[in-house]
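The values are calculated or read from the model by the stated rules, or taken from the named source; none is laboratory data. Because the structure is predicted, anything quoted here is derived from the model rather than measured. Cβ: placed from backbone, ideal geometry, glycine included. Neighbour counts: every protein chain shown.
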Amino acid sequence: MFLTEIFHLLWRKLSCQKNFNQMNPTDIIEEFYTPKSFAFDLLMMHSSRVAEKAGSIALNVPHLNPDLKFIHEASMLHDIGIFLTDAPDLGCHGKYPYICHGWLGRSILEKKGLFKHALVCERHVGTGISAREIKDNNLPLPERDMLPVSIEEQIICFADKFFSKGSHPPDQEIPVEKIIAGLEKYGHDKVLKFESWMDMFSGGY
């Protein structure tokens, strides 16, 4: 709680700086979601919780020099593509499989010139998806590496694993053991990646 309060204080301080609010993530979200709709409220709750956790993690690793402003913005926008997927439980009635929401979000943000934010959308799914996995499993995705690279991408991807939009109350953190059990279904390498982040961000989560 203390670290979250510090993050919000820093965020408010940064928000007062000249030109800081040129890009407001909520304004972008409202271009694609009807405010107060089920999908909008769920997305905002999930994204806000991920942003809070990612910000707290970032504060614990100053030696990695994470960009707090970018982390907040990209955390809020990382799931913007879900409305294009067939996920009625989330209030989304698009035509694409849910696994596509990352690269769909990338396309949306690239059209707005937000190229770094767009990469977070594409690279946050699971612990990242490699081109080989896409090919070997015949996934409905462009055949390219979708793996978090920058420290900000890794922090957001890690923080995102602690929150669900469907299978777990969206405002509550998922226990680490449950996260690991879920990742194990997709291969032990996913667990090892998550555990490597636990070590990297030790004390920040």
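For the reader, a short list of remarks on this structure follows.
- The sole residue among I80, I71, I28 that is more than 25 Å from S130 (Cα to Cα) and either buried (at least 16 other Cβ atoms within 10 Å of the Cβ) or modelled with pLDDT under 95 (or both) is I28.
- The set of residues from region 163-177 being of a type in the set (D, E, K, R) and within 16 Å of the chain's Cα centre (by Cα) comprises K165, D171, E173.
- In region 56-81, residue farthest from E173 (Cα to Cα) [restricted to those that are touching a Pro at 6+ places or on another chain (Cβ under 9 Å) and of a type in the set (G, A, S)]: A74
- Given (1) outside any loop (DSSP other than H, G, I, E, B); (2) over 11 Å from the mean Cα position of the chain (by Cα); (3) within 28 Å of N65 (Cβ to Cβ), number of the condition V149 does not satisfy: (1)
- Complete set of residues in region 123-163 that are within 15 Å of H101 (Cα to Cα) and touching a residue at least 60 places away in the same chain (Cβ under 8 Å): G126, T127, G128, D160
- With respect to the stated conditions, V120 fails to be aliphatic (A, V, I, L, M), touching a residue at least 12 places away in the same chain (Cβ under 8 Å) and loosely packed, with under 15 Cβ neighbours inside 10 Å.
- For I99: the one exception among (1) surrounded by 14 or more Cβ atoms within 10 Å (Cβ to Cβ); (2) under 15 Å from the mean Cα position of the chain (by Cα); (3) closer than 25 Å to A58 by Cβ: (3)
- Selection within region 42-79 - over 18 Å from A118 (Cβ atoms) and acidic (D, E): E52
- Taking the numbered list (1) in contact with a Gly (Cβ under 8 Å, 6 or more places away or on another chain); (2) among the acidic types (D, E); (3) at pLDDT below 95 in turn, D171 passes all entries but (1).
- Here N21, N60 are screened, and the one residue that is more than 19 Å from the chain's Cα centre (by Cα) and either surrounded by 13 or more Cβ atoms within 10 Å (Cβ to Cβ) or modelled with pLDDT under 95 (or both) is N21.
- Filter result for L104 (assigned to a helix (DSSP H, G or I), in contact (Cβ under 8 Å) with a residue 12 or more places away in the chain, closer than 25 Å to E143 by Cβ and in contact with a strand residue (DSSP E or B) (Cβ under 8 Å, 6 or more places away or on another chain)): yes
- Contact annotation: residue pairs with Cβ atoms under 6 Å, 6 or more positions apart or on different chains, pairing a residue in region 63-79 that is in contact (Cβ under 8 Å) with a residue 40 or more places away in the chain with a partner that is of a type in the set (V, I, T) and surrounded by fewer than 23 Cβ atoms within 10 Å (Cβ to Cβ), are L64/I151; P66/I151.
- When region 54-87 is filtered for residues that are assigned to a helix (DSSP H, G or I) and small (G, A, S), the ones remaining, listed by number, are A54, G55, S56, A58, A74, S75, G81.
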